[in-house]
Structures are given as C-alpha cells and as structure tokens.
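Undergrad: My questions all concern the structure below.
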Amino acid sequence: RSLYTFWKRTVPPPNMSAFDAPSRETCTVQRESTNTPLQALNLLNDVTFVEAARVLAQNTLATGQSDLACLTHIFERVLSRPPGEQEQRVLLASLAHHRQQFSGERGAADALIKTGEWPVDTAVEVDELAAWTTLCSTIFNLDEAVTKE
C-alpha cells in the first residue's frame, strides 16, 4: 500500500493503521485480514487512491475500446481475472449512472479528476473521465481487491 513511507514508532502512518499494519514492535509472521468501513473510506477518498483510479481510467480510455473491453481491461488489471456476466451488468449499469450524474454536475467532475498531481488527459471529456474514475474506484473497493483472498 506504500513503497516509501516514513514510519515513526510512536505514530504510524494513518493509512497503514487503517489497513491494520502491524505495530512493528515484534515480528509478525502473518497479518490479520480485515475489511472495515475506515478502509473503504480511505480507498474512496484518499488522494493516492483517487488519483490511481483516475490514471487507470485515463490510460484505459486512451485505448479507444468499447465500454465492455475497457471494463474487462480494468477488472483484469485490478483483480487478475475477467469479470463475470453479472459483474459486467452491474458495473456497466453503474457506469451509465455515473455518466448521467457527472453530465449534470460539471463542477463535481472537474473536482474529481483534478485530484492528485498526475496530469489530466485533456483528450478525454471531463464527465466521461470522472465516470470511469468512479468505476475504477468501485473496483478498487471490492473485497477481493482489498484482501486479495
């Protein structure tokens, strides 16, 4: 979840604490596997994860493929497997909902895609990128993606 993190013994990074990182006072052979609401809030709102979702969406949309092909690509990148038929239906319906939502709220779409430091691809429509960013964030939040079990 982090490659370079400055870690103080008395104050661990909040992001690591939310994901139940060991205290580092003793050796931990196997970490606990949990899934809490605080983890979901981090995955949905932390700048790192929002930006990762946007960049994944941006790179996928740059291929110019169909919605289903883009969804399959994202799903395979995050979960290392293709989506099932029901997952495809649910996620494509969610994408349609987000497209409609962001087409009416340009300010919300702008705010979402400007999160982070990675440059925004101006070739993609703002509401389209925001919808796909939200979809990527949803996939990042799946239990299968969080716990890798």
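Undergrad: What does the accessible area of Val55 come to, in Å² to the nearest 10, when a probe of 1.4 Å is used?
TA: Solvent-accessible area, nearest 10 Å²: 30 Å².
Undergrad: Are there chymotrypsin sites (Phe, Trp or Tyr not before Pro) in region 50-147 that DSSP marks as loop and that have at most 14 other Cβ atoms within 10 Å, and which are they?
TA: none
Undergrad: Can you tell me the accessible area per residue over region 37-96, all protein chains present, probe 1.4 angstrom, in square angstrom?
TA: 52 Å²
Undergrad: Taking all protein chains in place and a 1.4 Å probe, what share, in percent, of the accessible surface of region 19-149 do carbon and sulfur account for?
TA: 52 percent
Undergrad: Any chance you could get the radius of gyration and Dmax over the Cα atoms of region 26-149, in Å?
TA: Values for region 26-149 (Cα only, Rg and Dmax): 15.2, 52 Å.
Undergrad: Whole angstrom only: what separates the Cα centroid of region 104-141 from the Cα centroid of region 43-57?
TA: 9 Å
Undergrad: Run through region 51-149 and list the trypsin sites (Lys or Arg not before Pro) located in a DSSP loop whose Cβ has at most 15 other Cβ atoms within 10 Å.
TA: Lys114, Lys148
Undergrad: Let me ask something additional. Given a Förster radius of 30 Å and the C-beta distance between His97 and Leu38 as r, what FRET efficiency does 1/(1 + (r/R0)^6) yield to the nearest 0.05?
TA: The pair His97/Leu38 has a calculated efficiency of 0.70.
Undergrad: Might you report the magnitude of the Cβ-based charge dipole of region 67-141 about its Cα centre, with Lys and Arg at +1 and Asp and Glu at -1, to the nearest 20 debye?
TA: Charge dipole, region 67-141, about its Cα centre: 180 debye, nearest 20.
Undergrad: Separate question: According to the square roots a ≥ b ≥ c of the eigenvalues of the Cα gyration tensor, what is the shape class of region 55-120, taking rounded for a/c under 1.5, prolate for a/b larger than b/c otherwise, and oblate for the remainder?
TA: Oblate, because a/c is 1.5 or more while a/b does not exceed b/c.
The values are calculated or read from the model by the stated rules, or taken from the named source; none is laboratory data. These figures come from a predicted structure and were not determined experimentally. Neighbour counts are summed over all protein chains in view; Cβ atoms, including those assigned to glycine, are modelled from backbone coordinates with ideal geometry. Ligands, DNA and RNA are stripped out before the accessible areas are found, and what is left, the full protein with its side chains, is counted by its heavy atoms. Shrake-Rupley method; radii C 1.70, N 1.55, O 1.52, S 1.80 Å.
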